[in-house]
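Notes for the one structure printed next.
The values are calculated or read from the model by the stated rules, or taken from the named source; none is laboratory data. Worth saying up front: this structure is predicted, and the values here are computed from it rather than measured. Neighbour counts are summed over all protein chains in view; Cβ atoms, including those assigned to glycine, are modelled from backbone coordinates with ideal geometry.
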């Protein structure tokens with residue numbers, strides 16, 4: 001169960017279902033999101049779109065939910081970003 005929780009949110013705990021701070025999974029125009037069959041997190045993290053998100057997302061109130069080595073123990077998900085209306089510049093991964 002712990003291993004599954006590092007890859008998938010348990011029922012009722014997905015940021016995608018948060019009524020206030022919605023999360024979104026990004027992909028590029030070629031459909032690379034790092035989460036599809038044959039793709040890895042490194043595939044998405046190597047994209048110019050990811051570098052743009054790292055540099056620009058906070059000004060639009062988005063933050064990377066699960067950076068490498070995050071405090072939650074969730075696997076790195078470079079495609080998964082959460083929007084927080086009240087926090088334009090939160091620290092990534094709870095740090």
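Within the set 68, 51, the sole residue that is out of contact with any helix residue (DSSP H, G or I) (no Cβ under 6 Å at 6 or more places or on another chain) and assigned to a helix (DSSP H, G or I) turns out to be 51.
Filtered by the rule that a residue be at pLDDT below 60 and assigned to a helix (DSSP H, G or I), the stretch 1-28 gives 2, 3, 4, 5, 6, 7. Selection within the stretch 29-48: residues that are surrounded by 16 or more Cβ atoms within 10 Å (Cβ to Cβ) and modelled with pLDDT of 90 or more. The member of this set that is farthest from residue 83 (Cα to Cα) is 43.
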